[in-house]
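S.K.: Sharing a structure below in structure tokens format, with a few things to ask.
The values are calculated or read from the model by the stated rules, or taken from the named source; none is laboratory data. What you see is a predicted model, and the numbers here were worked out from it, not measured in a lab. Please note: Cβ atoms are built from the backbone with ideal geometry, for glycine as well, and neighbour counts cover all protein chains shown.
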Amino acid sequence: MAAVPAAAKRRWMDETDASFANRCLPLLIANQWGWFILNDRKIELFWNGGPGIPDIHIHYRSKSRREQVDPEKLSAVSHFGHGILTFRIPYLLQTPPGWNLYVRGPANWCKDGACPLDGVAETDWSPAAFTVNWKITRKDTWIAFEGGEPI
């Protein structure tokens, strides 16, 4: 999963009349705040509305037909149940003592059927990587996260 500076562009903003939303400086600044972690492959998921971990069905699209992926290394999993999709982040970040990392989904990035959840990673002491979680908000619907899409 690549980490890149957050981009100013949002498709929905470009689609407003004459790209009017792109003239809103506070939106553009917020869009560029922080970093994007990009999804490493297309995934499609379906949540049946149940509370269990197996109630989210995740289909991974391989990068190549011959690729064999160890299930333990998959980036997106159902870990908590209750319609929560968890992305495992392959980075160990460290901050100075007393400073933690505020983790959230991409600012002003609308995703039909899924909402990113905010969290604080205690990067000043924890020797573990963190996760990014999305709450699936629409049951019985296929939702896609594209390869290269910020999570």
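S.K.: I'd like the full set of residues that are within 24 Å of F145 (Cα to Cα), at pLDDT below 95 and not in a strand (DSSP E or B), limited to region 113-133.
M.R.: A129, F130, listed by residue number.
S.K.: Right, something else. Being among the charged types (D, E, K, R) and not in a helix (DSSP H, G or I) is the filter; apply it to region 1-50 and report the residue that is nearest to A144 (Cα to Cα).
M.R.: So, considering only residues that are among the charged types (D, E, K, R) and not in a helix (DSSP H, G or I), the one nearest to A144 (Cα to Cα) is E44.
S.K.: Restricting the search to region 72-81, which residues are surrounded by 15 or more Cβ atoms within 10 Å (Cβ to Cβ) and in a loop (DSSP other than H, G, I, E, B)?
M.R.: Across region 72-81, the qualifying residues are L74, S75, F80.
S.K.: Residue check, W109 against (1) over 16 Å from L38 (Cβ atoms); (2) under 17 Å from the mean Cα position of the chain (by Cα); (3) among the aromatic types (F, W, Y), all met but one. Which one?
M.R.: The failed condition is (1).
S.K.: Can you name the residue in region 118-143 that is hydrophobic (A, V, I, L, M, F, W, C) and surrounded by fewer than 16 Cβ atoms within 10 Å (Cβ to Cβ) and is also nearest to M13 (Cα to Cα) among such residues?
M.R.: Per the criteria, the residue is W142.
S.K.: Need pairs with beta-carbon distance below 7 Å; first residue closer than 16 Å to S75 by Cβ and within region 90-108, second part of a loop (DSSP other than H, G, I, E, B) and among the aromatic types (F, W, Y); sequence gap 6+ or separate chains.
M.R.: V103/F130
S.K.: Among the residues of region 1-34, write down those that are within 19 Å of N133 (Cβ to Cβ) and either surrounded by fewer than 11 Cβ atoms within 10 Å (Cβ to Cβ) or of a type in the set (A, V, I, L, M) (or both).
M.R.: M1, A3, A6
S.K.: To continue, here is another question. Of (1) polar (S, T, N, Q); (2) in contact with a strand residue (DSSP E or B) (Cβ under 8 Å, 6 or more places away or on another chain); (3) at pLDDT 95 or above, N39 satisfies all except one. Which?
M.R.: Unmet condition: (3).
S.K.: Just to be sure I understand the filter: pairs with C-beta atoms under 9 Å, separated by 6 or more residues or on different chains, first member in region 39-58 and surrounded by 14 or more Cβ atoms within 10 Å (Cβ to Cβ), second member in a helix (DSSP H, G or I). Which pairs pass?
M.R.: That search, which allows pairs on different chains as well, returns W47/D55.
S.K.: Got a number for residues in region 87-112 being buried (at least 18 other Cβ atoms within 10 Å of the Cβ) and part of a strand (DSSP E or B)?
M.R.: 2
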